[in-house]
Amino acid sequence: MKMFKSIILSTLILATSPVVCAAVASDEIKEERVVSQAYNFNDFATYLGMTPKEYFKFSGAYATDNASSVLPDFIDIQTHPAYIEARDLQLSGLNVPDSLILQIESIFAKNQELFADYMQMDMTELLRKEDKFEKLTSVLNGLDASLSQPSQKSSGAAFVNNVEEIERIVVIANENSIRKTSSGSYTSLTVMIYDFGMQLNSGLGGGLRVDFHTSNGYYGSQDWIVNRFRAYPTGNIFCNTEMCSLNPY
C-alpha cells in the first residue's frame with residue numbers, strides 16, 4: 001500500500017505523520033462510465049452539458065495560477081487579511097471570532113458570484129456543474145492511479161491494483177466544533193481544512209479525507225472537496241468499524 005500525508009491540527013499542535021491509506025475498490029471507478037482509458041475533452045464537455053469551448057473556460061477558472069486576462073478578478077482567499085488572521089489565531093490556540101468566519105464565508109460567496117457571472121449561469125446551475133466537474137475529476141484521478149499501477153494476470157484476465165494515494169488531515173477539536181464543521185457550516189476548522197487542501201495538486205486543491213478527533217480520541221472521518229471556490233464535505237461522517245464506539249452516530 002502507498003502512504004498518504006497526514007497533518008494533525010489542534011489548538012496546540014501542528015505536526016505530520018505517515019498513515020496507511022485504504023484501497024479503492026474497482027467498482028467505485030467502474031460505476032462512473034463518463035470516461036474510458038481513451039477519454040478526451042469532448043467526453044468531459046459532453047458529460048457536463050457544455051461545448052468544448054465552455055468546458056475549457058469552466059475548468060480553466062479552477063487553476064489558481066491561471067493568469068489569463070479574461071478571468072474575473074477572483075479573490076485570493078489564502079492571502080486575504082481575514083483568512084490569514086483566522087489561520088494565525090487557530091494555529092496560536094486562540095478562538096476565531098464568528099465575525100471573522102462570516103467574513104471569510106462571504107469571500108467564498110463572492111468568488112462564486114464572479115464565477116457564475118463569468119460562465120453566464122445562475123447559481124443553481126453553477127453548483128450543479130461544479131458537483132459534476134468535481135465528480136469527473138475524482139474519477140479521472142482514480143483512472144490515472146489505476147493506469148499507473150502494473151497490471152496482474154489471473155485466469156487469463158488482467159486486473160489493476162487500484163490502490164490510490166489519498167491525502168488526509170487529522171483535526172482535533174471539541175465535539176460541538178466538529179458537528180458544525182462536518183455539517184458544512186463555516187468554522188475555524190474549515191479554514192484549516194481549506195489551507196491544507198489548497199496545497200494539493202500544485203495548488204489546484206482536490207479531494208481529501210478529514211479525520212476528526214476529540215480529546216477522548218477518534219471521532220470519525222469525512223471526505224471533503226477543496227478548491228478555489230468551495231470547501232465542503234461530500235458526505236456524512238463515517239468511522240472505522242473497530243473505532244465506531246466513539247462516534248454517537
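The values are calculated or read from the model by the stated rules, or taken from the named source; none is laboratory data. Here the structure is a predicted model, which is why all the values come from computation and not from measurement. Methodologically, a virtual Cβ is constructed for each residue, glycine included, from the backbone with ideal geometry; neighbour enumeration extends over all protein chains shown. Protein only, heavy atoms only, side chains kept; ligands, DNA and RNA dropped before computing areas. Shrake-Rupley method; radii C 1.70, N 1.55, O 1.52, S 1.80 Å.
Could you tell me the accessible area of K57 in Å² (1.4 Å probe, neighbours in place), rounded to the nearest ten?
70
What is the sum of charges around N111, taking Lys and Arg as +1, Asp and Glu as -1, for the other residues whose C-beta is under 13 Å from the C-beta of N111?
Computed value for this residue: -3.
For segment 187-242, compute Rh as the Kirkwood radius over C-alpha pairs and then the Stokes-Einstein diffusion coefficient at 20 °C and 1.002 mPa s; write the answer in µm²/s, rounded to an integer.
Estimated via Stokes-Einstein, D reaches 181 µm²/s.
Around M121, under 14 Å between beta carbons, what's the net of Lys plus Arg minus Asp minus Glu among the other residues?
Summing Lys and Arg as +1 and Asp and Glu as -1 gives -3.
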